[in-house]
1. Sort out which residues of the range A:2-24 are at pLDDT 50 or above and open to solvent by less than 80 Å² (accessible area, probe 1.4 Å), and write them in order of number.
2. Give me the residue from the range B:213-222 that is touching a strand residue (DSSP E or B) at 6+ places or on another chain (Cβ under 8 Å) and not acidic (Asp, Glu) and, out of that set, surrounded by the most Cβ atoms within 10 Å (Cβ to Cβ).
3. Looking only at the range B:221-243, decide whether some residue is away from chain A (no Cβ under 14 Å), farther than 24 Å from A:Asn26 by Cα and either among the polar types (S, T, N, Q) or not in a loop (DSSP other than H, G, I, E, B) (or both).
4. Only residues that are more than 10 Å from chain A (Cβ to nearest Cβ) and without any contact (Cβ under 8 Å) to a residue 40 or more places away in the chain: list them for the range B:189-220, please.
5. Filter the range A:25-37 for residues that are touching a residue at least 40 places away in the same chain (Cβ under 8 Å) and open to solvent by 50 Å² or more (accessible area, probe 1.4 Å) and give the result.
6. Could you count how many residues in the range A:55-95 are among the aliphatic types (A, V, I, L, M) and in contact (Cβ under 8 Å) with a residue 60 or more places away in the chain?
7. Say whether the condition of being open to solvent by 30 Å² or more (accessible area, probe 1.4 Å), modelled with pLDDT under 95 and within 30 Å of B:Thr213 (Cα to Cα) is met by at least one residue in the range B:41-52.
8. Could you say which residue among B:Leu150, B:Leu175 is open to solvent by 10 Å² or more (accessible area, probe 1.4 Å), at pLDDT below 95 and more than 13 Å from the chain's Cα centre (by Cα)?
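The values are calculated or read from the model by the stated rules, or taken from the named source; none is laboratory data. Not measured: the values here are computed from a predicted model. Here Cβ is always computed from backbone atoms with ideal geometry, including for glycine, and neighbour counts include all displayed protein chains. Just the protein is used for accessible areas: all its heavy atoms, side chains included, with ligands, DNA and RNA removed. Shrake-Rupley method; radii C 1.70, N 1.55, O 1.52, S 1.80 Å.
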There are 2 protein chains.
Amino acid sequence: MAPILLNSMGNEHNGYIEQEKVYVKNPHLDSMEEDILYHFNLSTKTHNLPEMFGDIKFVCVGGSANRMKAFAQFIHQELNLQGNVDDIRDICEGTDRYSMYKVGPVLSISHGMGVPSISIMLHELIKLLDHARCRDVNLFRIGTSGGVGLAPGTVVITDKAVDSFFRPQFEQVVLGKVIVRSTELDEELARDLLQCSAEIPNLPTVIGNTMCTHDFYEGQGRLDGALCSFSTEEKLEYLRKAHEAGVRNIEMESTVFAAMCRVCNLKGNATSSCQGPTHRHPRVLQHRQDLPKPYNHTPNAVTLQ
Amino acid sequence: MAPILLNSMGNEHNGYIEQEKVYVKNPHLDSMEEDILYHFNLSTKTHNLPEMFGDIKFVCVGGSANRMKAFAQFIHQELNLQGNVDDIRDICEGTDRYSMYKVGPVLSISHGMGVPSISIMLHELIKLLDHARCRDVNLFRIGTSGGVGLAPGTVVITDKAVDSFFRPQFEQVVLGKVIVRSTELDEELARDLLQCSAEIPNLPTVIGNTMCTHDFYEGQGRLDGALCSFSTEEKLEYLRKAHEAGVRNIEMESTVFAAMCRVCNLKGNATSSCQGPTHRHPRVLQHRQDLPKPYNHTPNAVTLQ
């Protein structure tokens with residue numbers, strides 16, 4: 001691979017260094033005449049993907065379409081880009097599966113809730129980055145999560161994503177066979193993010209394990225689902241064990257996010273603000289405005305740094 | 001439970017019969033002062049749920065918010081209800097997690113993609129129906145799926161939902177322990193739906209098993225994901241085995257849908273139109289308008305009958 005000049009997005013490296021390609025791992029793609037990114041409503045035949053996305057260096061993904069639009073507008077202002085912030089267009093407006101906004105070298109995409117939903121998005125995003133010949137891309141999941149032993153508003157930078165049994169792995173079923181993939185994230189990127197957060201006043205931030213469940217109610221020990229067969233004590237005991245295993249927050253996407261980053265050579269991190277600590281308070285907070293002031297923008301701010 | 005008069009929505013039963021309650025299975029709910037249906041942006045304190053939803057008899061759910069709005073408008077016209085079809089309001093407009101439309105006794109809700117996403121919606125829907133004191137409710141998942149050995153446009157009425165190993169079960173992780181739940185659906189309702197479909201001309205319909213995967217690409221044997229480690233032959237061999245096991249279509253929500261219907265005493269079915277048969281054609285069809293004409297409305301029509 002020929003060394004090429006790094007982008008000018010505040011990267012500390014100087015001069016020419018080897019950049020890293022995003023890898024798809026699918027030999028069938030080479031023989032396809034057209035690749036349709038179905039859930040983005042984009043295709044290699046109908047869109048010039050290198051022209052549209054070739055300069056992308058940061059991809060930020062989060063569950064809610066509204067929040068990812070607001071994030072794109074926030075980035076637009078922070079980067080002092082030209083044009084009206086209200087004119088930022090949803091690139092995926094032809095479908096309601098995901099929303100996607102491009103602001104300079106930053107792509108902001110919604111992924112819905114849960115592993116299957118983010119997984120579809122990641123497959124198509126990774127193909128998009130590959131088709132657009134992007135290099136040296138960092139991928140961040142920014143969102144909210146339930147804290148374990150942390151004050152609300154604390155930011156958790158994910159060390160490892162772990163499953164409901166506290167194992168740093170993701171089980172992918174392929175044609176009826178279980179394949180186990182590692183969910184360890186890039187350590188250097190996690191340290192960089194921690195360093196960034198230290199430069200922002202009053203922003204409690206930790207590096208810890210993020211537990212990914214496939215269910216919001218029974219899976220995360222909530223007492224207020226339609227189904228609940230356990231006691232408060234059993235719930236607290238489970239969360240105590242999770243804390244002992246290094247878990248600092250719980251959400252629903254990090255294992256497949258980490259696994260796919262690793263397989264496809266993407267540097268990534270899942271950086272979440274904690275809502276009400278799950279182990280003390282059985283409910284999520286209803287109104288985000290109830291949270292401490294800097295709460296809503298903390299992962300954005302850390303990512304931006 | 002006192003016998004009460006059945007609703008007048010074309011049910012064949014005459015006179016007084018015992019109606020069936022939707023059951024939440026959570027003793028903690030009784031002691032809660034307020035129940036916040038967080039992802040619907042509704043609450044028992046801020047909304048009069050019995051007044052808003054007490055007459056609901058049919059709940060239809062599907063992945064896409066746009067499609068569930070179109071379905072609500074379709075039902076509004078079919079039932080000849082008063083008012084402008086364009087004025088139907090999204091009851092969940094305060095959040096972008098789900099969309100919800102009420103049209104007479106029919107509730108139309110979007111659930112996003114995948115088991116975790118529909119599971120959150122089902123927990124909150126079942127609590128909503130319980131709070132609203134609804135009885136005798138039928139729940140339908142209407143959507144699209146990949147056909148196995150079927151022509152595009154064929155409607156599959158689900159007999160049993162099965163997992164990627166063709167087992168009629170759903171594994172729910174509760175506080176780190178695996179609980180196995182049955183995914184058999186109400187047989188009488190499936191037969192009723194088949195009968196309804198027979199009354200619609202040119203509507204190929206079968207009852208079969210619906211396989212639910214947690215992944216759209218590797219999990220369903222697609223050759224065009226960012227990752228693919230199998231050959232065309234291996235994919236076809238897996239789909240052949242699925243067909244032998246009675247699988248007629250593949251989607252991403254039916255196991256948890258069936259399991260929760262069963263546990264909570266809801267009669268339900270997952271009724272899907274098949275897109276391009278997965279075992280012949282490696283891709284989904286990009287444009288729904290490419291499909292046979294009656295395709296888009298077939299599950300709607302069957303459900304409506």
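1. Taking the range A:2-24 as the starting set, the residues that turn out to be at pLDDT 50 or above are A:18-24.
Once the filter is applied, which keeps residues that are at pLDDT 50 or above and open to solvent by less than 80 Å² (accessible area, probe 1.4 Å), the range A:2-24 yields A:Gln19, A:Lys21, A:Val22, A:Val24.
2. Per the stated criteria, the residue is B:Gln220.
3. Initially, the range B:221-243 is screened for residues away from chain A (no Cβ under 14 Å), giving none.
No; the residues of the range B:221-243 include none that is away from chain A (no Cβ under 14 Å), farther than 24 Å from A:Asn26 by Cα and either among the polar types (S, T, N, Q) or not in a loop (DSSP other than H, G, I, E, B) (or both).
4. B:Arg191, B:Asp192, B:Leu194, B:Gln195, B:Ala198, B:Pro201
5. Just the residues of the range A:25-37 that are touching a residue at least 40 places away in the same chain (Cβ under 8 Å), to begin with: A:25, A:29, A:35, A:37.
A:Lys25, the sole residue that qualifies.
6. The initial filter retains those residues of the range A:55-95 that are among the aliphatic types (A, V, I, L, M), namely A:56, A:59, A:61, A:65, A:68, A:70, A:72, A:75, A:79, A:81, A:85, A:88, A:91.
Remaining after also requiring in contact (Cβ under 8 Å) with a residue 60 or more places away in the chain: A:56, A:59, A:61, A:75.
Qualifying residue count, the range A:55-95: 4.
7. At the first step, the residues of the range B:41-52 found to be open to solvent by 30 Å² or more (accessible area, probe 1.4 Å) are B:41, B:44-48, B:50-52.
Within this subset, residues satisfying the condition of being modelled with pLDDT under 95 are none.
Looking through the range B:41-52, none of the residues is open to solvent by 30 Å² or more (accessible area, probe 1.4 Å), modelled with pLDDT under 95 and within 30 Å of B:Thr213 (Cα to Cα).
8. Exactly one of B:Leu150, B:Leu175 is open to solvent by 10 Å² or more (accessible area, probe 1.4 Å), at pLDDT below 95 and more than 13 Å from the chain's Cα centre (by Cα), namely B:Leu150.
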